[in-house]
1. Considering the chain as a Gaussian network with a 10 Å cut-off on Cα pairs, which listed residue, Ser61, Ser20, Ser146, attains the greatest mean-square fluctuation?
2. If the elastic network links every pair of Cα atoms under 10 Å, which of Lys69, Lys140, Lys44 fluctuates the most in the Gaussian network model of the chain?
3. Using a Förster distance of 22 angstrom, determine the FRET efficiency expected from the C-beta separation of Trp156 and Met1, and round it to 0.05.
4. Looking only at region 128-152, which residues have a backbone nitrogen under 16 Å from a spot 7 Å from the Cα of Asn101 in the C-beta direction?
5. Can you compute the FRET efficiency between Leu148 and Arg29 using 1/(1 + (r/R0)^6), with r the Cβ-Cβ distance and R0 = 35 Å? Round to the nearest 0.05.
6. Between Asp21 and Lys140, what is the FRET efficiency for a Förster distance of 25 Å, r being their Cβ-Cβ separation, to the nearest 0.05?
7. Only bridges whose two residues both fall in the chain count here: according to DSSP, what percent of them are antiparallel, nearest 5?
8. Short version: ³J(HN,Hα) in whole Hz for each residue of region 78-85, in order, from phi by Karplus 6.51 cos²θ - 1.76 cosθ + 1.60 (θ = phi - 60°), x for Gly and Pro, what are they?
Amino acid sequence: MKKLIILRHSKSSWNNPELSDFDRPLNNRGNKNAKMMSMKLSDKIDQVDMLISSSSERTKSTSYYFKKKIKFSNELFTDELYHASSERIISIIEKIKSNINSLLILGHNPGLTEIINVLTNYRLYNLPTTGIVIIKLNIKLWNQISELNYPGEVEWIKFPKDYKL
């Protein structure tokens, strides 16, 4: 059994039109939501075997909050996840070593929403910023992810709006 945690980056700022999309920082709401959602996830899990994140500014900034609350045994920041399709994300996951049992992918839409819909029976229109989905996969090796006989089970799904009054 493997556990895949999908996390979309927090809300980014559009204040500086001269910045490239890749270099956009988090805005105030993004910082607040990342802090809040990292606390909510840390109430559920305190350690993850591996973090693989897009190397964009907003994903690195989002990861900062989660790394303060959750222990990651390994981490990798890669341009390959920047706006990656679900097929590309799966090809990255398939290369993960078998001793990694829990994996957090931190990236961008639409690839993250697509991968949730591909790997589970859950149908999500849009994974919002700082949205988190934990999927239990009935596989022994990550390279079996594209050959799932049964869909993954959504164990936990939370969005920032779930905690707003």
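Nothing in this text is a laboratory measurement; each read-out follows from the coordinates by a stated rule. The model shown is predicted, which means the values in this text are computed figures rather than measured ones. Quick reminder, even Gly has a Cβ in these numbers, built from the backbone with ideal geometry, and neighbours come from all protein chains shown.
1. Ser20
2. Taking springs between Cα atoms under 10 Å, the residue moving most is Lys44.
3. 0.90
4. Once the point is set 7 Å along Cα→Cβ of Asn101, 135-142 turn out to lie under 16 Å by backbone N, inside region 128-152.
5. The calculated FRET efficiency here is 0.50.
6. 0.10
7. About 40 percent, rounded to the nearest 5.
8. So the J values, rounded to whole Hz, are 9, 5, 4, 8, 5, 6, 6, 6.
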